[in-house]
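To start, the structure itself, in structure tokens.
The values are calculated or read from the model by the stated rules, or taken from the named source; none is laboratory data. Predicted model, so just to flag it, every value in this text is computed and none were measured. So basically every Cβ, Gly included, is an ideal-geometry build from the backbone, and we count neighbours across all protein chains shown. Side chains are part of the model used for accessible areas, which takes the heavy atoms of the whole protein and leaves out ligands, DNA and RNA. Shrake-Rupley method; radii C 1.70, N 1.55, O 1.52, S 1.80 Å.
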Amino acid sequence: MATLAKPNLPRFDVEIFQNEYLADGAREVNAIVTVTATGGGTSGGRPLGVADAAPGGDAGQSAAVVILVDCSGSMDYPSSKLRGAREATAAAVDTIRDGVAFAVVAGTHEAREVFPGDGTLAVASPDTRALAKESLRRLTAAGGTAMGTWLTKADQLFLTRPDIPIRHAILLTDGNNEHENAAELERAIGRATGRFTADCRGVGTDWRVDELRRISSALLGTVDIVPEPSGLAEDFRSMMAGAMGKQVADVALRIWTPANAVARFVKQVAPSLEDLTARRSESGPRAGDYPTGSWGDESRDYHVCVEVPAAAVGNEMLAARVSLVLPPSVAGGTPEVLSQGLVKAVWTDDLASSTRISPQVAHYTGQAELAAAVREGMEAHRAGDVHRATARLGAAVRIAHATGNEGTYRLLQKVVDVVDPKEGTVRFRKNVSEADSMIVETRSTKTVRVKK
């Protein structure tokens, strides 16, 4: 196993969990790939891809953040939303470390720079943080909502500092994307994809989960609901702290397969579910890269499924080689392998061996089924189909209970009364609030790690 060995940068390790034994003629190989980065978020080192500072320069300018704050007219109803947004932005600004480039943008049917306001990014220091917080008085509510223009503005600001490898946006909204059509938003998302990451937050209950999830998914970030404006400050502080912990940008999960084998799908399965299959980019003969974004001190799990040529008992083969790779633009001219693991296939006539399911694969298959059951149940509830909603959420309760996902189990109790968790017998609760429904829907893709 190769690991990153540069000082002050994270060490990457890859572990493969699978049952490598297949029945005679079987073709599908499944594996859970655990990737762990250590030493990045707390090392205080310079992120990879940032050159040493020139004399008098600032080597701390290794990350850039843009805060996109919804300032549409609805943010003044009630006024606590805009007040909470100002307080949250101030909390986020306070969390930006010295040397990080940053900006604040007011988003309506257009995007207006609030700070620094000159088309560039400011560099964080005690003075610029104070000026940024003072400028928040210019956040006033008026106009519509066009999130694509906000993303475009963030991209334009990041492009003023192409030397900075880690670029992250925080987007807050309280409403639907009503002042541009779906195609315009999709084009803006497409332009931003691969350029920066973004965490999205919806305050209140008048925004659409699918819209924010589309943005956060494409930009490899998170999405969540903040039901009350009073919760915004702590949430923003936490998001910014997470962004400040990133040390390596644009890491790719590279899957190489031998002749006549193909990667059927690649999915992130922890800490949340994200299907990366369609985001493959070819990276050489029989190899493809899947984006994973930026890393600090953290661990993530990926489910890799490979289809191999059928073989007879006694044959064995390397089904896939899984690598963590830095692209040339970050590694300094040539791709750099940070760590690597192997997925194997061995054909056997031992029924006990070939029918045994890897505990890790089984666990995350259950987590995917859980998220699907929650999504289908909430969609049925919105459509007025209480019978199907109850059945699907009952299935979700059963899976959550069986897999130990206590977080999702508690969320489900906001919308159903659990009669028998083992059997998934539930009753839909009366007078379920819109906030509780959106909390369940928004957080349904969060998973728990398999118990070792």
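Go through segment 297-339 and report how many residues are in a loop (DSSP other than H, G, I, E, B) and not β-branched (V, I, T).
Qualifying residue count, segment 297-339: 11.
Can you name the condition, by its number, that D94 falls short on among (1) open to solvent by 10 Å² or more (accessible area, probe 1.4 Å); (2) at pLDDT 95 or above; (3) touching a helix residue (DSSP H, G or I) at 6+ places or on another chain (Cβ under 6 Å)?
(3)
Yes or no, residue by residue, for (1) within 30 Å of A345 (Cα to Cα); (2) open to solvent by 20 Å² or more (accessible area, probe 1.4 Å); (3) assigned to a helix (DSSP H, G or I):
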site: L220; (1), (2), (3): no, yes, no
site: I225; (1), (2), (3): no, no, no
site: K246; (1), (2), (3): no, yes, no
site: K267; (1), (2), (3): yes, yes, no
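Do we have K422 as modelled with pLDDT of 95 or more and farther than 30 Å from E15 by Cα here?
The answer is yes for K422.
Please pick out the residue among A241, A259, A287, A278 that is open to solvent by 50 Å² or more (accessible area, probe 1.4 Å), among the hydrophobic types (A, V, I, L, M, F, W, C) and more than 19 Å from the chain's Cα centre (by Cα).
Selected residue: A259, the only one of A241, A259, A287, A278 that is open to solvent by 50 Å² or more (accessible area, probe 1.4 Å), among the hydrophobic types (A, V, I, L, M, F, W, C) and more than 19 Å from the chain's Cα centre (by Cα).
Only one residue in T173, T193, T160, T152 is hydroxyl-bearing (S, T, Y) and open to solvent by less than 20 Å² (accessible area, probe 1.4 Å). Which one? I'd like the intermediate steps shown before the answer.
Details: T193 fails: open to solvent by less than 20 Å² (accessible area, probe 1.4 Å); T160 fails: open to solvent by less than 20 Å² (accessible area, probe 1.4 Å); T152 fails: open to solvent by less than 20 Å² (accessible area, probe 1.4 Å).
Result of the check over T173, T193, T160, T152: T173.
Name the residue, out of V322, V337, that is surrounded by 21 or more Cβ atoms within 10 Å (Cβ to Cβ) and more than 24 Å from V100 (Cβ to Cβ).
Every option except V322 fails the conditions.
Given the condition over 25 Å from the mean Cα position of the chain (by Cα), more than 23 Å from R237 (Cα to Cα) and at pLDDT 95 or above, answer yes or no: does some residue in segment 43-60 qualify?
no
Every residue in segment 403-452 that is under 28 Å from the mean Cα position of the chain (by Cα) and among the charged types (D, E, K, R), please.
E406, R410, K414, E434, D436, E441, R443, K446, R449, K451, K452, listed by residue number.
Return the residue satisfying two criteria in turn: it lies in segment 366-378 and is in contact with a helix residue (DSSP H, G or I) (Cβ under 8 Å, 6 or more places away or on another chain) and open to solvent by 40 Å² or more (accessible area, probe 1.4 Å), and of such residues it is farthest from A435 (Cα to Cα).
Here the residue is E369.
Looking only at segment 295-319, count every residue that is over 24 Å from A371 (Cβ atoms) and open to solvent by less than 30 Å² (accessible area, probe 1.4 Å) and tell me the total.
Residues flagged as over 24 Å from A371 (Cβ atoms) and open to solvent by less than 30 Å² (accessible area, probe 1.4 Å) within segment 295-319 amount to 4.
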